[in-house]
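Below: the structure, in structure tokens.
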Amino acid sequence: MSKILEIFNTMEYGPAPEAPDAVNAWLDEHGRKFGLFINNEWVTPKGAKFYPSYNPSNGELLAETTQAEKKDVDAALAAARIAFKSWSKTPGVTRARYLYAIARNLQKHHRLLAVLESMDNGKPIRESRDIDVPLLARHFYYYAGWAQLMETELRDYQPVGVVGQIIPWNFPLLMLAWKIAPAIAMGNTVVLKPASYTRLTALLFAEIVAEAGLPAGVVNVITGSSSAGSMIVEHPDVDKIAFTGSTDVGRILRKQTAGSGKKLSLELGGKSPFVVFDDADLDGAVEGVVDAIWFNQGQVCCAGSRLIVQENVAGKFIQKLKARMEHMRVGDPLDKSIDMGAIVDQSQWDTIDGWVKTGIAEGGECFQPNIALPEKGLFYKPTLITGLDPAAATVQEEIFGPVLVSLTFRTPSEAIELANNTRYGLAASVWSDNINLALDVASKIKAGSVWVNCTNQFDGASGFGGYRESGYGREGGREGLFEYLRPTWMDRPRPEFVLDEKKKWGEHVPTLPIQPTTARANGHSLPPIDRTPKMYIGGKQVRPDGAYTTTVLNAKGKIVGQVGDGNRKDIRDAVEAAHKARTSGWAMRHGYNRSQILYFIAENLDARNAEFVKRIVEMTGRTQKSAQAEVDASVERLFTYAAWADKYGGTVQETTLRGITVAVNEPVGVIGIACPDENPLLGFISLMAPAIARGNSVVMIPSQKYPLSAMDFYQVLDTSDVPGGVVNIVTGDRDHLTKTLVQHEDVDSVWYFGSAEGSYHVENESAANMKRTWTGYGLPRDWLDREQGEGHEFLHEATQVKNIWVPTGE
Amino acid sequence: MTSNHTRNPGAPLDLDWVMGAHVNKSAVERRTASLPKRRTVKKDWQAAWLLRAITCIDLTTLAGDDTPGRVHRLCAKAKQPLRPDMMERLGLNGERITVGAVCVYPNRVADAVHALQSSDIPVASVATGFPAGQTPLPQRIQEIEQAVEAGAKEIDVVIARNYVLTGDWQAMYDELQQFRKASGDAHMKTILATGDLGTLKQVYQASLVAMMAGSDFIKTSTGKESVNATLEVSLVMTRAIREYLERYGYKIGFKPAGGISSAKQAMAWQSLMKEELGDEWLKNDLFRFGASSLLTDIERQLYHYLTGHYAAKHHMPMG
């Protein structure tokens, strides 16, 4: 029988390989050996060590790349520093031209980039060709636009400086675009380190950038091990670190940069839910699952790896899914008819296989389709594990491979609970043909991207990033710019402190009250009526748990009052009260209502204006005029955030999706706030007001030195319809209380305006649950100045962006 | 057409099933956008697949100027869709490669039957007031009976779209049952005219009703609507076929028609069938293309496969 006739009968797919010729020619041109790309030149350090890059689909050696050492990292950062001087001064419209040229050049080399990406990483050519590379170019076009508009639209901002960027191996080119495009658009210069497994496309990219004529030193690419990454992170001349990768490494980076004044954005792991309701298009949702968990072999931080399906359709859905899995094709990444290519490395393959075995040991039922795998190469079958419960490690931990676990739910609220039953919060997918249900669930899942009736949608115009331990910062969209900008009034913080290794931070022995002996000794006049120092927790004045009291002295050392000396249990109670207020609806109230309450607070504060002025004078010894200015500014600040309460909800993003992509500025949750000593009232209000205006509830630690204004203020709160628990006030030793807050795993963010050393500890300790932090590094801030004391920086810290994608069409 | 499959006897109309349908358009579009990029066949495989596509063509002429002569010429092409020299070079000497059927108006059935008498290629006739279906019911039924009488082995009936648009599923079901009865042993291919329907959900619902009423095939279009076969409606209809199979155990055929004129398009549809329904739906007892010019493009692609040269249309014998 002729071959044609045979195929005519079997109707099998045959091989459809993409030719690797051009890539091989490019590799050969470089002698299959690469140096570092510094100052638009290839630099091969003397005595350099090399590291092999393999094609994971067949084990063939592709090329060798340099292992950068300390001196090489220094050289790259020095080049970036020199380039920064001119690049940051280059007009935005000129920078836009360069980004535009890069985007054009990337399109010209589309196929070369795609084929190399697939050979280096193992991902199917269909994905690198149709998804990764088009998005790469799209990102540069998008941010070319922001460079063009920077001087008019972002006039209050300046570039951050030299940026160190460390990217993972799963989307080498796309992650590079997400990092480099916004950075250089805003006038920063970059040293990028690609992941060890996948270094080659970053090197090709560097060459393409040079070809586009980008000035030397603006983009530098160095290859090396994780220690080279650490060298970048710890280098004193780096102003910002941007990282995408595992949560474990993210924690290390948070600690390494703590207290340094370097900006940090982290895009970390996930275990994203894929929620299917019984009124979904089940066949459509099955395809969604394919795109969610078998995209890029499941090696995707936002992979929909937890299927949560309504119990009444679960059987049918799983049956459809299994049938669909039988049609998956796994094989040569360069084959155009392949759904899944190779796992990036043997160690990753072993990890995936280990998790599948764990899942089975945990009682899961493992399904893999009866499909062929190539004999050689790091291939893994698409895998579904059913019958597991949330208690299983396989359900909780990120696998980073083509493995889906499934759970069932009964009601929408249970679906939301299951979806949020994770330490992560990167993405979610919600499937229902009922718009009310779908959008309600989308608004309640804690994740940075929620895809309704779709999954794994990306675009330059939409921010991407996590809640919770999935990290912080956004990449893409307007929100992605702020990772690479600093307000013009602010210099790069260079906090100075000496770490006292012997003294444990935040240790505190309760202070004993000093008896105000003078007043009592005088038998002729009545002694003043003692006021019991109280905390303000859950809308009630409560005695300090430890029943200790601290005496407040004025600037001259005279006793002016007493406050409770709070301890960890006061913080615990305050955090619980804050959560209760949040879940009982503060965040869900509309902005109008929150603004009314803020106006009411301002009204009531103003009514007691003189009393607050007197208190400030009494405590701080400042002039009447200065105290009056502080109280007036405090009233005005409340007005400012009453104004912002209904004007910062988000935007409609102009993505390529047909439908609507909305960026919603959601509250962060419960924020712990340690207030500055300067401006005891205004500092407190400047931090409290933006937080509650945007729907957060707060635990406030007032100025340790001058806490009385804040304690007077709770009476204002009491009379202003502020629901109990929205604002909680705990007085005492700032660092002692802050330590409990920052270590509290159910506090979502900590703002700290104490010392430089305290800022270090806050950032360092925050790594435990990767909560967001905002620290003042002990540097002065003029709270009376509207530019420094209010506005976008505060609102940015009080919110987190969720992008909800809603495709339309009937 | 010889079928290895048990003929669909139909099923009682299940309105709950029809009303409970969910089709999400954007999800459908994503699937159809990615599928042709996820699957492709090259070289020998492409040649074999195109050859298979030829055997699935309902070679069609449905024009006001059709004459016995025109039909005769079409039938000649149906019997010998590939040039003998190309057949030989493909290693297919002695193999019987013909199109799936010849599709004509009722008035031309006798001409086609006559022209095809030396072959076993079935004649398909459109009927029931094709293409609009806006003819009184007795006439529409009579049309089927006359076509069967004239020797048609397949009847491509059109549904009355008004029933779908107004949600009168019972009426649609009843009418199609009468059509099926009138068709007798001839297979009934039900044209949904999806271009006239409002939503993909209606396409899905109409597919279910058509199958429950006893259709052997469901077919997208008459070729006369402003939008004819698309991958989107095809995906929705194939999924309905799969649901019907799972529920009742009968395999229903699928026929996209109208606008499929290139080999590349044909292969996209083949991939769709293979992926959504399986290999059985690549053969002509369950899959047909309603097309007139597709065959020529396939011939040209096969010529290129054999010679490495791009072919001229006028080198391919006319149908």
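Miscellaneous remarks
- Meets criteria (within 14 Å of another protein chain (Cβ to nearest Cβ), under 22 Å from the mean Cα position of the chain (by Cα), closer than 25 Å to A:Glu483 by Cα and at pLDDT 95 or above) for A:Trp774: no
- Filtered residues of the range A:165-192 (kept if touching a Pro at 6+ places or on another chain (Cβ under 8 Å) and without any contact (Cβ under 8 Å) to a residue 60 or more places away in the chain): A:Pro172, A:Leu176
- The number of residues in the range A:111-166 that are among the acidic types (Asp, Glu) and within 14 Å of chain B (Cβ to nearest Cβ) comes to 3.
- Scanning the range A:197-226 for residues that are of a type outside the set (A, V, I, L, M) and out of contact with any Asp or Glu (no Cβ under 9 Å at 6 or more places or on another chain) yields A:Phe205, A:Glu207, A:Glu211, A:Gly213, A:Pro215, A:Gly217, A:Asn220, A:Thr223, A:Ser225, A:Ser226.
- Conditions (1) outside any loop (DSSP other than H, G, I, E, B); (2) in contact with a Phe, Trp or Tyr (Cβ under 7 Å, 6 or more places away or on another chain); (3) under 13 Å from A:Ala80 (Cα atoms): number failed by A:Leu173: (3)
- In the range B:230-264, the residues that are under 15 Å from B:Trp281 (Cβ atoms) and away from chain A (no Cβ under 14 Å): B:Tyr250, B:Lys251, B:Ile252, B:Gly253, B:Phe254, B:Lys255, B:Pro256
- B:Trp17 being at the interface with chain A (Cβ under 9 Å from one of its Cβ atoms), at pLDDT 95 or above, out of contact with any strand residue (DSSP E or B) (no Cβ under 8 Å at 6 or more places or on another chain) and assigned to a helix (DSSP H, G or I): no
- B:Ala193 more than 14 Å from every other protein chain (Cβ to nearest Cβ), under 20 Å from B:Leu235 (Cβ atoms) and more than 13 Å from the chain's Cα centre (by Cα): no
- Odd one out for B:Thr67 among (1) on the phi < 0 side of the Ramachandran plot; (2) facing chain A (nearest Cβ under 9 Å): (2)
- Test: residue in the range B:21-30 that is among the aliphatic types (A, V, I, L, M), buried (at least 22 other Cβ atoms within 10 Å of the Cβ) and part of a helix (DSSP H, G or I): yes
- Selected residue (only one of A:Lys89, A:Lys85, A:Lys123 is modelled with pLDDT of 95 or more and part of a helix (DSSP H, G or I)): A:Lys85
- Every pair of residues 6+ apart whose Cβ atoms lie under 7 Å, when the first sits in the range A:149-164 and is at positive phi and among the small types (Gly, Ala, Ser) while the second is assigned to a strand (DSSP E or B) and surrounded by 15 or more Cβ atoms within 10 Å (Cβ to Cβ): A:Gly161/A:Lys240
- Close pairs (8 angstrom Cβ cut-off, 6 or more residues apart or separate chains): assigned by TED's automatic domain parsing to the domain that holds A:Ser443 and closer than 15 Å to A:Ala691 by Cα in the range A:585-602, at pLDDT below 95 and assigned to a helix (DSSP H, G or I) anywhere: none
- Failed condition for A:Tyr13, given (1) surrounded by 17 or more Cβ atoms within 10 Å (Cβ to Cβ); (2) away from chain B (no Cβ under 14 Å): (2)
- Qualifying position, being surrounded by fewer than 20 Cβ atoms within 10 Å (Cβ to Cβ), on the phi < 0 side of the Ramachandran plot and part of a helix (DSSP H, G or I), among A:Asp606, A:Asp677: A:Asp606
- Test: residue in the range A:555-562 that is within 37 Å of the chain's Cα centre (by Cα) and either within 22 Å of A:Glu745 (Cα to Cα) or assigned to a strand (DSSP E or B) (or both): no
- Entry remark, the range A:139-170: residues being in a helix (DSSP H, G or I) and closer than 19 Å to A:Leu106 by Cβ number 10 in total.
- Any hit, the range A:472-490, residues being of a type in the set (Val, Ile, Thr) and either buried (at least 18 other Cβ atoms within 10 Å of the Cβ) or closer than 30 Å to A:Lys322 by Cα (or both): no
- Test: residue in the range B:31-39 that is modelled with pLDDT of 95 or more and surrounded by 23 or more Cβ atoms within 10 Å (Cβ to Cβ): yes
- Any helices (runs of 4 or more DSSP H) falling wholly within the range A:183-302 and containing at least 3 residues that are within 30 Å of A:Asn434 (Cα to Cα): A:282-293
- For the condition over 30 Å from the mean Cα position of the chain (by Cα), modelled with pLDDT of 95 or more and among the charged types (D, E, K, R), A:Asp459 does not qualify.
- The helices (runs of 4 or more DSSP H) found entirely in the range A:367-477 that carry 2 or more residues being within 14 Å of chain B (Cβ to nearest Cβ) are A:435-444.
- Test: residue in the range A:92-115 that is of a type in the set (D, E, K, R), touching a residue at least 40 places away in the same chain (Cβ under 8 Å) and not in a helix (DSSP H, G or I): no
- Among the residues of the range B:76-92, not a single one is farther than 25 Å from B:His309 by Cα, surrounded by fewer than 14 Cβ atoms within 10 Å (Cβ to Cβ) and without any contact (Cβ under 8 Å) to a residue 24 or more places away in the chain.
- Which listed residue, of A:Asn421, A:Asn453, is out of contact with any Lys or Arg (no Cβ under 7 Å at 6 or more places or on another chain), crowded, with 24+ Cβ neighbours inside 10 Å and not assigned by TED's automatic domain parsing to the domain that holds A:Ala185: A:Asn453
- Candidates A:Ala78, A:Ala114 - the one that is buried (at least 23 other Cβ atoms within 10 Å of the Cβ) and among the hydrophobic types (A, V, I, L, M, F, W, C): A:Ala114
- Scan of the range B:70-99 for residues that are charged (D, E, K, R) and within 14 Å of chain A (Cβ to nearest Cβ), ordered by number: B:Glu88, B:Arg89, B:Glu95, B:Arg96
- The residues of the range B:174-191 that are surrounded by fewer than 22 Cβ atoms within 10 Å (Cβ to Cβ) and under 19 Å from B:Gln202 (Cβ atoms), listed by number, are B:Asp174, B:Glu175.
- Single residue of the range B:33-64 satisfying the filter (away from chain A (no Cβ under 14 Å) and part of a loop (DSSP other than H, G, I, E, B)) that is farthest from the chain's Cα centre (by Cα): B:Gly64
The values are calculated or read from the model by the stated rules, or taken from the named source; none is laboratory data. Quick caveat: nothing in here was measured; it's all calculated off a predicted structure. Because the Cβ atoms are built from the backbone with ideal geometry, glycine has one as well, and the counts that use them run over all protein chains shown.
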